[in-house]
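In what follows, a single structure is set out as structure tokens and then discussed.
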Amino acid sequence: MPQPVTVSGTREVPHERRRVWEALAVLAPYCAVCDVSYVVDGAGPPRRGTRFVCVPGRLDDGVQPPAGAPQGEIVEWVPRERVTTRLRLTPETWTTTIELSDAGPGATRVDISVSHEAHSGGRLVQRATQRLMRGGVREMVQRTVDGELDRLPAHVAQSPAR
């Protein structure tokens, strides 16, 4: 079985941890920064075990996500400290962990770790593909982490200040 490819990165943002948490961990119905809609199962605040569907673009109110849309779950939830989500697509699983810590007065350190695990093909196909593509997958995961870190200010800016 192929090993997941994991990449991590860190940024500091000039905002209090509470605001950064709300901007990054709480699944809003639509994220304009990422142009992604989330449909969360159940009511109440998010927590470990909360399931969601993630679709590109904006879903109109009441419109259901298309069949086969990526399925996600919050697998770890420590309010204002750490959230881990797992997003399952047909050929792969993406696991993202966001950890927050204080970085001084009014500043927050954001650590993001993203893992990618491929699921396609039989064991022999996976081994051969893994050797050929591991570098390319690592680059893709690195671009994902870098993009998430680069978008931190925009995520915080779209979150209402309280």
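The values are calculated or read from the model by the stated rules, or taken from the named source; none is laboratory data. Since this is a predicted model, take the numbers as computed values, not measurements. Counting neighbours? That spans all protein chains shown, and the Cβs are built from the backbone with ideal geometry, glycine included. Heavy atoms of the whole protein, side chains included, go into the accessibility calculation; ligands, DNA and RNA do not. Shrake-Rupley method; radii C 1.70, N 1.55, O 1.52, S 1.80 Å.
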Once ligands and nucleic acids are excluded and a 1.4 Å probe is used, how much of Asp146 is accessible, expressed in Å² to the nearest 10? 60
In nm, what is the difference between 0.36 nm times the number of residues separating Leu87 and Arg109 and their Cα-Cα distance? 5.5 nm
Which distance in nm do the two modelled labels at Gln3 and Ala67 give, with both placed 7 Å along the Cα-to-Cβ direction? 3.9
For region 1-92, taking Cα atoms only, what is the radius of gyration to one decimal and the Dmax to the nearest whole Å? 14.5, 42
Sorting Val63, Val5 by accessible area (1.4 Å probe), largest first, what list results? Val63, Val5
What GluC sites (Glu not before Pro) does region 21-125 have in DSSP loop regions with at most 16 other beta carbons within 10 Å? Glu81
Over the alpha-carbon set of region 66-115, divide Rg by the Kirkwood Rh and report the Rg/Rh ratio to two decimals. 1.13
Virtual spin-label span in nm between Asp35 and Arg51, 7 Å along Cα→Cβ: 2.9
Once phi is turned into ³J(HN,Hα) by the Karplus curve 6.51 cos²θ - 1.76 cosθ + 1.60 with θ = phi - 60°, what whole-Hz value does each residue of region 20-34 show in order, with x for glycine and proline? 5, 4, 4, 6, 9, 9, 7, 7, 6, x, 9, 10, 5, 5, 9
Helix 123-150 versus the longest principal axis of the chain: what angle, 0 to 90°, nearest 10, using Cα atoms? 20
Computed ³J(HN,Hα) along region 88-93: with the Karplus parameters 6.51/-1.76/1.60, θ = phi - 60°, integer Hz and x for glycine or proline, the list is 9, 10, 4, x, 7, 10
Carbon and sulfur: what percent of region 21-112's accessible surface (1.4 Å probe)? 50
Tail weight of P(r) past 21 Å, computed on alpha-carbon pairs of the chain, percent: 50
In nm, the gap between the two label points placed 7 Å beyond Cα toward Cβ at Ala157 and Asp102 is 2.8
Quick one: ranking Arg86, Arg109, Arg47 by accessible area, 1.4 Å probe, largest first, what do you get? Arg47, Arg109, Arg86
